[in-house]
Every structure is written in C-alpha cells, then in structure tokens.
DNA sequence: ACAGAAATAAAAATGC
DNA sequence: GCATTTTTATTTCTGT
C-alpha cells in the first residue's frame, strides 16, 4: 500500500513552516544579543529602540510618498 | 430578595460598550459617505485614502521625534 | 481670478475625513477605558469581549429573520 | 581628527539591528508564501496555523519533561 | 516577579 | 472571492 499522499503533503508544509520558524527565533535571538551588547556599552536600550522605530517610520513615509506619486502619474496618463 | 448586583454591574458595562460601538459604526458610516461624496465629484478614492494615510504617518513621525527628544533630554538630566 | 476651487474642495474633504477619524479614535479610547474599568473590577476582558461579539451576532440573526419575514410577507401581499 | 567614535559605534549597532530586521521580514515573507502555497492546494490556513501552534506547545512540553528528567538524574547521581 | 507598555501574530472586516 | 486594511489576541520587554 502506498502512503496517504495528502497527509504527507501536509506534513511537508508543516515541516517547511517549522523550519522557517526556527530561523525566525534564531534571528530574534541575534537581535536580542545586539541590544544586550549595546546596553553593555552603556547605551540606553529604550532610546535605541525608538531610533530604530523612527527610522522605520521614515522609510515607510518615503514608500508611501512614492506610491502617491505613482497614483498621480497614473492619473495624468504617465 | 435584591437583584444580583454583580450581574447587573456586568450588564451595565456591556450596555455602555454597545453604546460606544453604535457610535463607532455611525461615524464609520459618516466617513464612508464622505468618500462616496468626493468620489461623486470626480476625485479618486484610492488617492485620497493614500493622502490621508500619508498625513497620518507624518503626524506619527512628529510624535515619535518628540518622544525621542524627551528621552534625550531625560538622559542629560533635563 | 479666484483660487483654484478644486484643491480647496479636496482640502475640505480631507479635513472632514480627519475630523471623523479623530472622533473615531476618541470613541475607541472611551471603549478602551470601559474595558479597563471592568477589568479593574475583576472582570475578564477577553471573556467580556466574547460576550459582546456573541450579542452582536444574535442581533444580526434577529435582524436577518425580520428581513426574511418581511420578504415573505411581501410575497403573500401583507 | 578622526570622527567621533561613540556615534560611529552607535551607528554600527543600528546597522546591525536593521540588518537582522531585514532578515526577519524576508523570512516572514517566506512563511507567508508557504501558507499561500498550501492554501492554493486547498488546505485551510487557519487550521494549519493551529496545528503548528499545538506542535510548538508539545515540543515545549517534551523539552520540559527532559529537563525535569535530567534534574532527577542529577539528584540521584546519574 | 509582576504590572504595564510594546511588538508580533492571528483573525475579522472591508472594498474592489 | 480575493486581497488589503483594521481589529483583536498573544507574546515579549522593561521598569518597579
């Protein structure tokens, strides 16, 4: 008898998901380590977090501005 | 016998929540109407939505900048 | 020549949208406060949320039943 | 004169953080793609998410049991 | 350790 | 119905 193909397929998907989730937690640990390291050098973690957040918002702003520009261009037939 | 005070209390809370949720859907309808209205005057809804979003992000940026400044000030003892 | 009416018009729309969005966040804060308040009296927030949701579904069901009734009534000439 | 070392140091930390955050979003996209793929094959995303979560809890439980076993073993000199 | 705040993940709702 | 946005739930982090 052959194995049930459907369930093997699902199993595959779950394996792949769990693999990427392992990678995710590894990288999250890396980030945590960086914060610990800079804290160890006397930097204020809360402040650095806020700087990172602010830079992220700035990037988002730029992206949204570009999208708006694209909309305008589309409206004038460019 | 008096009524169960606890359950009456919970009932009160739920009434208050449902009241504000009614207000919420009313205001969401108002917003929807405004978009319909401007669409009726030939404006592109998608574009206007993006402008509103962009302005919101800008406001957020300013707020985050102020918070960062506050952190800096606190760090130099202001 | 007068100022460009279109852009003033758009500005008006955006002002109105932002006004209703401010109202939205105000009312959301009210709701949040109610949840904080009932939490402070020992109620479980998550559970109360579920109750509110269930009651909403019930209300919806009742409304649908009434609409169906109206439909049938119309079909039999009531 | 050389550049201010402190600020360069902070800049380094921020660069490293942003680098790992980029990696994070890349991998999150990978995960999203897997869910899209399994959805495309007819699986229910929400249910698969639940399974993944359950397996995570199971793994945690097993790990805790092993740790407890190790503790007992140490206590009896194994 | 625990309360409150912030980040992330998941679910639900909305618009096209 | 599909995809994007919004809301809710869970998890993580930080300061007391």
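The values are calculated or read from the model by the stated rules, or taken from the named source; none is laboratory data. Predicted, not measured: the structure shown is a model, and the values here were computed from it. Cβ: placed from backbone, ideal geometry, glycine included. Neighbour counts: every protein chain shown.
Among the residues in segment A:32-42, are any away from DNA strand E (no atom under 16 Å from the Cβ) and not in a helix (DSSP H, G or I)?
Yes: one or more hits.
Please state which one of B:50, B:46 is part of a helix (DSSP H, G or I), more than 10 Å from chain C (Cβ to nearest Cβ) and surrounded by 15 or more Cβ atoms within 10 Å (Cβ to Cβ). Break it down stepwise before answering.
On the way: B:46 fails: surrounded by 15 or more Cβ atoms within 10 Å (Cβ to Cβ).
That would be B:50, the only listed residue that is part of a helix (DSSP H, G or I), more than 10 Å from chain C (Cβ to nearest Cβ) and surrounded by 15 or more Cβ atoms within 10 Å (Cβ to Cβ).
Only one of (1) part of a helix (DSSP H, G or I); (2) away from chain D (no Cβ under 11 Å) fails for residue A:78. Which number is that?
Here residue A:78 meets the rest and fails (1).
Going by the conditions given, is residue D:61 over 26 Å from residue A:35 (Cβ atoms), in a helix (DSSP H, G or I) and away from DNA strand E (no atom under 11 Å from the Cβ)? Steps first, answer last, please.
Working: over 26 Å from residue A:35 (Cβ atoms): yes; in a helix (DSSP H, G or I): yes; away from DNA strand E (no atom under 11 Å from the Cβ): yes.
In short, yes.
Table: residues versus (1) under 26 Å from the mean Cα position of the chain (by Cα); (2) within 30 Å of residue B:60 (Cα to Cα).
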position	(1), (2)
C:8	no, yes
C:19	yes, yes
C:35	yes, yes
C:50	yes, no
C:57	yes, no
C:61	yes, no
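Limited to segment B:1-17, what total is found for residues that are modelled with pLDDT of 95 or more and surrounded by 14 or more Cβ atoms within 10 Å (Cβ to Cβ)?
Going through segment B:1-17 one residue at a time, the tally reaches 4.
The rows are residues; the columns are (1) within 30 Å of residue B:73 (Cα to Cα); (2) more than 12 Å from DNA strand F (Cβ to nearest atom); (3) in contact with a helix residue (DSSP H, G or I) (Cβ under 7 Å, 6 or more places away or on another chain).
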residue: A:16; (1), (2), (3): no, yes, yes
residue: A:24; (1), (2), (3): no, no, yes
residue: A:27; (1), (2), (3): no, no, yes
residue: A:38; (1), (2), (3): yes, no, yes
residue: A:42; (1), (2), (3): yes, yes, no
residue: A:45; (1), (2), (3): yes, no, yes
residue: A:49; (1), (2), (3): yes, no, no
residue: A:54; (1), (2), (3): yes, yes, yes
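Just to be sure, is residue A:32 more than 10 Å from chain D (Cβ to nearest Cβ) and either at pLDDT 95 or above or more than 30 Å from residue B:72 (Cα to Cα) (or both)?
Numbers: more than 10 Å from chain D (Cβ to nearest Cβ): no; either at pLDDT 95 or above or more than 30 Å from residue B:72 (Cα to Cα) (or both): yes.
Criteria not met by residue A:32.
Name the one entry in B:37, B:23 that is modelled with pLDDT of 95 or more and surrounded by 15 or more Cβ atoms within 10 Å (Cβ to Cβ).
Numbers: B:37 fails: surrounded by 15 or more Cβ atoms within 10 Å (Cβ to Cβ).
Result: B:23 is the single residue among B:37, B:23 that is modelled with pLDDT of 95 or more and surrounded by 15 or more Cβ atoms within 10 Å (Cβ to Cβ).
Answer with yes or no whether residue C:24 is within 17 Å of residue B:52 (Cα to Cα), at the interface with another protein chain (Cβ under 9 Å from one of its Cβ atoms) and either touching a strand residue (DSSP E or B) at 6+ places or on another chain (Cβ under 9 Å) or in a helix (DSSP H, G or I) (or both).
Yes: the conditions hold for residue C:24.
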